[in-house]
Amino acid sequence: MSHSTSLARLRPLRWAALPLLAMLGGCDAVVLNPVGDVAVQQRDLVLIATALMLLIIVPVMALTVLFAWRYRKSNTDAEYDPDFDHSTMLELVIWSAPLLIIICLGAVTWTSTHLLDPYRPIERTAPGKPVAPGTKPLEIQVVAMDWKWLFIYPEQGIATINELALPVDRPVEFRLTGTSVMNAFYVPTMAGMIYTMPGMETKLHAVLNREGTFRGFSSHYSGAGFSGMNFPVYSLTANGFDQWVEKVHAAQAGEGKGKGPLTRASFLTLEKPSENVPAMYFNGVQGGLFERVVNRCVAENTPCMSDVMMHDRMAGGGDPHTMKVGEGNPPVNNTGPMHGERTKGALEKSPEEIQTSPHGSQAPLPSDGAQQPGDMKNRRMSFLSIPQTPGHAGAGRG
């Protein structure tokens, strides 16, 4: 096949690529064009890492083409050395360049990993704008549900579904949890994603530096309604944010987005699976609701995980907030004395502690003079008086 014939067959493919280029032209590279300082630093980290890696990739690709062209069969002027086997200079270049790049990449990554830790409060709102000492970040409690997002503003006493508003240039502390399967909270223009899990709390610190409307979503597949877990993010001035808060406070139940106050009972109704849920406003929030969501005890008469763990830690019953070690009921299956003394095994008991029970220590059987080592008649053993099923552990014991 001639070279011209090959090119002729490839020409139609040029036009086939145009629709793909048109589709790419409609993409918004929001990760590379963020409006939050945390996301800007993360973007810079991506660019730096990419540039460092290209320092190896680009020369290797260029040299591959150069060597293939220079040492082609038809180039009789190229030097031919069939006995070549080693070059110290070439080995130094091959190994030192990647090593230096890996050291630089590791240093940048290690530093950025600590500076951009999502649990670490941010120290600046923008380059050259440090956070003033004593500045209190805006706290927003986030609950991922099937399949919607709940945002609670404890300072403002409001809550919303699938709508998030933030003031420009104010640090924000997100406290996140979930009610069902794992999700991932992600506003690309503000910060990296952070997972939400039931029974656990995660944190994310971030800031937005420019007004506008942006997009947030779940970046972790979580079931049938996953594609509808999107929400607008409004970046507002301080006055605009206050007006938005007043609008939510003014929303009455049954009027537009208004749903009244968010209580434990309404939360239990809200957390039932639903898809493509429109924005909702709650003009009040029952105290301690988020903590109950984290501790899985929103429903009445449901023990909170924190109380259960405290109960276990204190080794007994009673009020976990007031009890002392040694008070309360013994743990389940503890048949020994109360908490002041450790339960003894059968082989540790003294003769006076031996008691009769279906499974307890018994005195040595009367000896008939047998002296064989290991003879059961010369030993104190734990016997199970309940008949055993043949073939199971313990069968055949006397």
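The table for this structure:
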| item | result |
| --- | --- |
| Only one of MET190, MET182 that is in contact with a His (Cβ under 7 Å, 6 or more places away or on another chain) and either polar (S, T, N, Q) or in the same structural domain as ASP146 (by TED's automatic domain parsing) (or both) | MET182 |
| Residue in the range 94-115 that is in contact with a strand residue (DSSP E or B) (Cβ under 9 Å, 6 or more places away or on another chain), surrounded by 11 or more Cβ atoms within 10 Å (Cβ to Cβ) and either without any contact (Cβ under 8 Å) to a residue 24 or more places away in the chain or more than 30 Å from ALA206 (Cα to Cα) (or both) present | no |
| Any hit, the range 147-167, residues being part of a loop (DSSP other than H, G, I, E, B) and aliphatic (A, V, I, L, M) | no |
| ALA224 vs. criteria outside any loop (DSSP other than H, G, I, E, B) and farther than 18 Å from VAL168 by Cβ | no |
| Top-ranked residue of the range 168-183 - restricted to ones that are assigned to a strand (DSSP E or B) and aliphatic (A, V, I, L, M), ranked as nearest to LEU268 (Cα to Cα) | LEU176 |
| Output for the range 235-246, where each listed residue is surrounded by fewer than 16 Cβ atoms within 10 Å (Cβ to Cβ) and in contact (Cβ under 8 Å) with a residue 24 or more places away in the chain | THR237, ALA238, GLY240 |
| Test for PRO171: is it in the same structural domain as GLN243 (by TED's automatic domain parsing) and either out of contact with any helix residue (DSSP H, G or I) (no Cβ under 8 Å at 6 or more places or on another chain) or closer than 15 Å to ASP242 by Cα (or both) | yes |
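The values are calculated or read from the model by the stated rules, or taken from the named source; none is laboratory data. Quick caveat, the model's predicted, so the values are computed rather than measured. All Cβ positions, even for glycine, are placed from backbone atoms using ideal geometry, and neighbour counts span all protein chains on display.
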